[in-house]
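To start, the structure under review is shown below, and the notes come after it.
The values are calculated or read from the model by the stated rules, or taken from the named source; none is laboratory data. The structure presented is a predicted model; accordingly, all values stated were derived computationally and were not measured. All Cβ positions, even for glycine, are placed from backbone atoms using ideal geometry, and neighbour counts span all protein chains on display. Remember, those area values only see protein heavy atoms, side chains included, never the ligands or the DNA or RNA. Shrake-Rupley method; radii C 1.70, N 1.55, O 1.52, S 1.80 Å.
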Amino acid sequence: MKDKLIIFDTTLRDGEQSPGASMTRDEKVRIGKALERLRVDVIEAGFPIASIGDFEAVQAVAKAVKDSIVCGLARALDKDIDRAGEALKGASRSRIHTFIATSPIHMQMKLQMQPEQVIEYAVRAVKRARQYTDDVEFSAEDAGRSEEDFLCRIFEAVIDAGATTLNIPDTVGYSIPQQFGETISNLIRRIPNSDKAVFSVHCHNDLGLAVANSLSAVMNGARQIECTINGLGERAGNASLEEVVMAVRTRQDVFGCQTGIDTREIVTCSKLVSSITGFPVQPNKAIVGANAFAHESGIHQDGVLKSRETYEIMRAEDVGWTANRMVMGKHSGRNAFKSRMTELGFEFASEEELNDAFFRFKQLADKKHDIFDEDLQALISEVGFESEDEHVKLIALKVCSETGEIPNATVTLRIGSQEVMGNANGGGAVDASLKAIEKLVKSDASLELYSVNNITNGTDAQGEVTVRLEKAGRIVNGLGADTDIVIASAKAYVNAINKLQTPDQRRHPQKGDV
């Protein structure tokens, strides 16, 4: 009987800290339900003290998810822990994850505390968290640069106080696999009461070693991995859930443990997170990239045709590349549409919302013969963008692009209650369209990123456009999808403009960067 490797997903908390990746409450619930279908053991839903919005999102995920443990992050402060406990009240199973920095540079420069004070805060935080739940995790922030002797002292103390999971985060991505694995092994060996807690790791990818460090930790006794879908996260991101899970599954000859993940849900979950956050997955991304199971070389193609195992160590079906794909079209009915959306984890709040989404589905079906799950996910994301308080709405767009002539775009927007029209020239159809929109909205934001991805294959595929705008230090992502890439670009730009005009309620007291 192999050990269980606990998968702790922090896409909704650490993943959201990627600039521009903020999610709404409803989007967090959708991803939370997808993670539940993936059979993730623990879902870290957010940082409840960070903002009212984050508190409500954690609360909503806690009520919606029944099978996975729902976790809230809290600094080692009474107010943080109480807020997390309140947010998690409705959860079937809950965990409070509290943390404090333990490296010399963090204790001295950020906390301005002595080591003994840090231990005191940690113990008090764990004891307070135990008033709300028996499942308490403690993290030593910047453990990768902390002194081993001090880690032994603080971990022993928090276990005695009631912590059931100990997390050793490589907060700044500084560790090297062999060294990090040895640290985990030494801590388990040296801490007298280590058998009373599960050892966990949370690795950042600044040197591209997050997955390698995580797996090294597993080989040295760690039995929980903290990770995110698509490796999403602050700076260079976190350990990628799909890579960790498939490495452990594929190399059972090396790892003495196994996960409970339903790997067939991996690709669907990846696409959902990408669609909601606006962070596209690069084609050569392991497991979930479009080229992950593609073979261009003639030698490779010949080998795969003769025996798949010659060049493939995993089956595409096992991670969901050919599963859960139901083709729908213009003759599909309302009940079939609703049923498929339910299977994809989306529940409509009202008949009006269902009717609006079904109308958009029919519009898309008139343009595109076959509609796949990816199209449906993009459609629902688009519906979510257009909330009732949307300040700017795209009404019409006309573009003229002719060989030898300067492209020109004429756009009609509704800004508030007023319809306005404007036009502009540009270097191409997209450039002219975005300039025409900017002329009307006068956002003065700078365009930091423009990215185009096809949602499915074929010349009639929807194009998904991501734009990233920056203004006064605030970064937002806008997403738009359409079979016409110019219209998709305009939608994405308008979506980003609306986000800029919405008050940013998110604040990170310590960014929760464990």
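The requirement of being free of Cβ contacts under 8 Å to residues at least 40 places away in the same chain, on the phi > 0 side of the Ramachandran plot and over 17 Å from the mean Cα position of the chain (by Cα) is not satisfied by Q59. Identification of strands (runs of 3 or more DSSP E) wholly contained in segment 1-88 with 2 or more residues that are at pLDDT 95 or above and open to solvent by 10 Å² or more (accessible area, probe 1.4 Å) yields 69-75. Residue check: G221 meets all listed conditions (1) more than 30 Å from S489 (Cα to Cα); (2) assigned to a helix (DSSP H, G or I); (3) not basic (K, R) but one, namely (2).
Restricting the search to segment 413-452, which residues are among the acidic types (D, E) and open to solvent by less than 80 Å² (accessible area, probe 1.4 Å)? Correct list: D431, E438.
Inspect segment 307-317 for any residue being open to solvent by 50 Å² or more (accessible area, probe 1.4 Å), modelled with pLDDT under 80 and of a type in the set (D, E) and give the result as yes or no. Yes, segment 307-317 contains at least one residue that is open to solvent by 50 Å² or more (accessible area, probe 1.4 Å), modelled with pLDDT under 80 and of a type in the set (D, E). Scanning segment 250-289 for residues that are touching a residue at least 60 places away in the same chain (Cβ under 8 Å) and among the aliphatic types (A, V, I, L, M) gives I261, I266, L272, V273, I276. In the condition set (1) out of contact with any Cys (no Cβ under 9 Å at 6 or more places or on another chain); (2) closer than 22 Å to R264 by Cβ; (3) not hydrophobic (A, V, I, L, M, F, W, C), D9 is compliant with all but (1).
Considered as a group, the residues in segment 340-354 that are surrounded by 12 or more Cβ atoms within 10 Å (Cβ to Cβ) and at pLDDT 80 or above include one that is nearest to the chain's Cα centre (by Cα), and that residue is M341.
Within segment 177-184, does at least one residue satisfy the condition of being without any contact (Cβ under 8 Å) to a residue 12 or more places away in the chain and not in a loop (DSSP other than H, G, I, E, B)? Yes, segment 177-184 contains at least one residue that is without any contact (Cβ under 8 Å) to a residue 12 or more places away in the chain and not in a loop (DSSP other than H, G, I, E, B). Looking only at residues of segment 397-412 that are assigned to a loop (DSSP other than H, G, I, E, B) and open to solvent by less than 90 Å² (accessible area, probe 1.4 Å), we find that the one that is modelled with the highest pLDDT is P407.
Looking at A212, A161, A217, A197, just one residue is within 24 Å of I69 (Cβ to Cβ) and out of contact with any strand residue (DSSP E or B) (no Cβ under 6 Å at 6 or more places or on another chain), and that residue is A161.
So, in segment 434-474, exactly how many residues are among the basic types (K, R), in a strand (DSSP E or B) and free of Cβ contacts under 8 Å to residues at least 60 places away in the same chain? Residues flagged as among the basic types (K, R), in a strand (DSSP E or B) and free of Cβ contacts under 8 Å to residues at least 60 places away in the same chain within segment 434-474 amount to 2. Restricting attention to segment 256-284, the residues that are part of a loop (DSSP other than H, G, I, E, B) and either surrounded by fewer than 15 Cβ atoms within 10 Å (Cβ to Cβ) or at pLDDT 95 or above (or both) add up to 8. Residues in segment 158-193 that are open to solvent by less than 20 Å² (accessible area, probe 1.4 Å), more than 25 Å from the chain's Cα centre (by Cα) and polar (S, T, N, Q): N193 alone.
Criterion first (modelled with pLDDT under 95 and either open to solvent by 40 Å² or more (accessible area, probe 1.4 Å) or on the phi < 0 side of the Ramachandran plot (or both)) does E386 satisfy it? Yes: the conditions hold for E386.
Put simply, of G208, G231 the only residue that is of a type in the set (G, A, S), under 21 Å from the mean Cα position of the chain (by Cα) and surrounded by fewer than 24 Cβ atoms within 10 Å (Cβ to Cβ) is G208. Across segment 123-157, the number of residues qualifying as buried (at least 22 other Cβ atoms within 10 Å of the Cβ), under 28 Å from the mean Cα position of the chain (by Cα) and in a helix (DSSP H, G or I) comes to 5.
None of T483, T466 is open to solvent by 30 Å² or more (accessible area, probe 1.4 Å), at negative phi and hydroxyl-bearing (S, T, Y) except T483.
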